[in-house]
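Enquirer: Would you mind keeping the following structure in view while I ask a few things?
The values are calculated or read from the model by the stated rules, or taken from the named source; none is laboratory data. What you see is a predicted model; the values in this text were computed from it and never measured. Cβ placement follows ideal geometry from the backbone for every residue including glycine, while neighbour counts extend to all protein chains displayed. Surface accessibility is based on the protein's heavy atoms, side chains included, excluding ligands, DNA and RNA. Shrake-Rupley method; radii C 1.70, N 1.55, O 1.52, S 1.80 Å.
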Amino acid sequence: MQKVAILYDAGQAVLSTFDLDEVLQRILMIVHDYFHVQHIAILLRDEDSGELFIRRQLGWDESAETVRVPIFGGIIGAAAREKRPIYAADVSKDSRYDATIVAMRSELAVPLMVRDQVVGVLDCQSENLNHFDQEAIDLLMLFSTQASMALQNARLYSLERRRALQLEAINAIAKQTTAVLDLKELLSKVCSLIHHAFPVSHVSILLKEEEDMVLRAHHGNLTPRILEGGRVPVTAGLWGRALEAGRTMIENDVSVASDYVGFFVETASRMCIPLVSFGQTLGMLVLDSAQLNAFHANDVQSLESVADICSNAIQNAHYVERVKQLAYLDGLTGIFNRRYFELRITEEIERSRRFGMGMAVIMVDIDQFKRLNDEFGHLLGDEVLRQVSSIFHQQLRKIDVVCRYGGEEFAILLSQTNLQHAFSVGEKLRRMVETWQFPGVPRPVTISAGAASYPDHGTTRDELVKAADAGLYAAKLAGRNRVLLAPLARKGAAAPVLT
């Protein structure tokens, strides 16, 4: 009874704290001091995989802490499976003994149970044969009941505390994301907030664009293998499976996944959560960890709540982006308007200055457009404007910009372009319009254009537009239906007329 009383007091000491690490340490020290065991391990059960993993140990090699024990493996697995103590007085005579973890002479594995559920195993090993007698086994069973309750209380407390912190994080993310309407800024902020609020190594957001997923933003501690803006197939990897299944997918060991697509060098486990708003799949929230088995089923609900908040914020940002685009579109032709031209020319000049590249401006005017309106009416004139706009849009590269500058005049921005190429583009557009059959117009429609390039004709917006306008004016004076280069900015120099 005295031994039981002492052990009971020890159990109360274990139950006096809710800190999981402190509970584990006290269990180890009580078993070490009271039962004179030098090699002890506490293994907890992984709720997702069902495997047992070493959570805390004393007297074992530190590398043993990475070992995971199947529920059907060894003496430890037998104790968990059969829900009773398993004792091998001489491990050399027990085929279940696993010497790869730690090589000893005798082993006692005691299941840690709450009601009828195994939450872990207390494993005690000794260098001595037959180290444990029946009394020690009975007392360890009694102590394991107290230890199990302490472990469960600590885990529940830790879980509730973690959920409370996650709710705080979700609330903070919801507040901060609703105030951001710029898509790029929003995605960057979302990644940063999630990385700081949840125990993950890296956060990425992939958005669907046609048949690809595009890495639009990421934040974290891992080494990137793919640059922001990189494209991957929409059906590839874990996100492909998550999209097909329409639910969150976890891969706790990416090394065994045959379809793994690595964004970061150190990734060991990954979670993919679809971003869905009003039934539309926008993309994927991808969480990477440098640790194996980093993601648990308990985390899914909180992270899905975050993903839902992000999805709605992204959808709102998309709406704002569309409204902005409408403000930059010409209502008649559907191409960009002068407001957008003024915005983009500044960006293009700055990009050219920073990277030492050329760019060009072409100013275009439909020849004798007023006469065309007078002869055939404004409705047909509007249709000519629409078709000319369509020709320009189809013939230019995606990185180029065509805008309706005003009336029948157009402005074209050519990125990464030299003077010769700008002239060639202008000529191609001129020939396309000249040979185009405009319905209802019995005669050819022609255009005149003037081209200027950075830095040949200037380094500011006003200099380039003025130079291109000068080329356009010269083309009109020379008889229309032609493209002329603006005079060069160098004093006394003139650009050659290319025909």
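Enquirer: Among the residues in segment 403-425, are any charged (D, E, K, R) and open to solvent by 80 Å² or more (accessible area, probe 1.4 Å)? First the steps, then the outcome.
Expert: Filtering segment 403-425 down to residues charged (D, E, K, R) leaves 404, 408-409.
Those still in the list that are open to solvent by 80 Å² or more (accessible area, probe 1.4 Å) too: none.
No.
Enquirer: Now a separate question. Just a yes or no: is a residue in segment 250-262 of a type in the set (Val, Ile, Thr), open to solvent by less than 30 Å² (accessible area, probe 1.4 Å) and closer than 19 Å to Ile314 by Cβ? Walk me through it before giving the result.
Expert: Taking segment 250-262 first, the residues of a type in the set (Val, Ile, Thr) are 250, 254, 256, 261.
Restricting the remaining residues to those that are open to solvent by less than 30 Å² (accessible area, probe 1.4 Å) gives 254.
Narrowing further to those that are closer than 19 Å to Ile314 by Cβ: none.
The answer is no, given that none of the residues of segment 250-262 is of a type in the set (Val, Ile, Thr), open to solvent by less than 30 Å² (accessible area, probe 1.4 Å) and closer than 19 Å to Ile314 by Cβ.
Enquirer: Here is a follow-up. I need the full set of residues from segment 208-235 which are out of contact with any Asp or Glu (no Cβ under 6 Å at 6 or more places or on another chain), among the aliphatic types (A, V, I, L, M), open to solvent by 10 Å² or more (accessible area, probe 1.4 Å) and at pLDDT 90 or above, in order please.
Expert: If the condition is that a residue be out of contact with any Asp or Glu (no Cβ under 6 Å at 6 or more places or on another chain), among the aliphatic types (A, V, I, L, M), open to solvent by 10 Å² or more (accessible area, probe 1.4 Å) and at pLDDT 90 or above, then Val232 is the only one that fits.
Enquirer: Ok, one more. Based on what the data block shows, is Val67 among the aliphatic types (A, V, I, L, M), open to solvent by 10 Å² or more (accessible area, probe 1.4 Å), out of contact with any helix residue (DSSP H, G or I) (no Cβ under 7 Å at 6 or more places or on another chain) and modelled with pLDDT under 90?
Expert: Details: among the aliphatic types (A, V, I, L, M): yes; open to solvent by 10 Å² or more (accessible area, probe 1.4 Å): yes; out of contact with any helix residue (DSSP H, G or I) (no Cβ under 7 Å at 6 or more places or on another chain): yes; modelled with pLDDT under 90: yes.
For Val67, the condition - among the aliphatic types (A, V, I, L, M), open to solvent by 10 Å² or more (accessible area, probe 1.4 Å), out of contact with any helix residue (DSSP H, G or I) (no Cβ under 7 Å at 6 or more places or on another chain) and modelled with pLDDT under 90 - is met.
Enquirer: Can I ask one more? Could you list, ordered by first residue, the pairs with Cβ atoms under 9 Å in which the first is in segment 218-242 and assigned to a helix (DSSP H, G or I) and the second is among the aromatic types (Phe, Trp, Tyr), at least 6 apart or interchain?
Expert: Gly237/Tyr260; Leu238/Tyr260
Enquirer: May I pose another question? Pull out all pairs, ordered by first then second residue, where Cβ-Cβ is under 6 Å, the residues are six or more apart or on different chains, the first lies in segment 408-421 and is under 22 Å from Ser389 (Cβ atoms) and at pLDDT below 95, and the second is among the small types (Gly, Ala, Ser) and surrounded by fewer than 24 Cβ atoms within 10 Å (Cβ to Cβ).
Expert: Taking only residues 6 or more apart or on different chains, the pairs are Thr417/Gly358.
Enquirer: Condition first: surrounded by fewer than 21 Cβ atoms within 10 Å (Cβ to Cβ), more than 28 Å from Phe355 (Cβ to Cβ) and at pLDDT 95 or above. Can you find one or more residues in segment 448-464 that meet it? Break it down into steps so the answer makes sense when it comes.
Expert: The first filter runs over segment 448-464 and keeps only residues surrounded by fewer than 21 Cβ atoms within 10 Å (Cβ to Cβ), leaving 455, 459-463.
Narrowing the set further to residues that are more than 28 Å from Phe355 (Cβ to Cβ) leaves none.
No, because not a single residue in segment 448-464 is surrounded by fewer than 21 Cβ atoms within 10 Å (Cβ to Cβ), more than 28 Å from Phe355 (Cβ to Cβ) and at pLDDT 95 or above.
Enquirer: Which one is farthest from Val402 (Cα to Cα) among residues in segment 320-366 that are part of a helix (DSSP H, G or I) and hydroxyl-bearing (Ser, Thr, Tyr)? Walk me through it before giving the result.
Expert: Step one: of segment 320-366, the residues part of a helix (DSSP H, G or I) are 320-327, 338-355.
Filter once more, keeping what is hydroxyl-bearing (Ser, Thr, Tyr): 340, 346, 352.
Working: Tyr340: 10, Thr346: 15, Ser352: 18 Å.
Ranking the qualifying residues of segment 320-366, first place goes to Ser352.
Enquirer: List every residue pair whose Cβ atoms lie under 8 Å apart, where the two residues are 6 or more positions apart in sequence or sit on different chains, the first residue falls within segment 119-142 and is of a type in the set (Phe, Trp, Tyr), and the second residue, located anywhere, is not in a helix (DSSP H, G or I).
Expert: What qualifies is Phe132/Tyr87; Phe132/Ala89; Phe132/Ser106; Phe132/Leu108; Phe132/Cys124; Phe132/Ser126.
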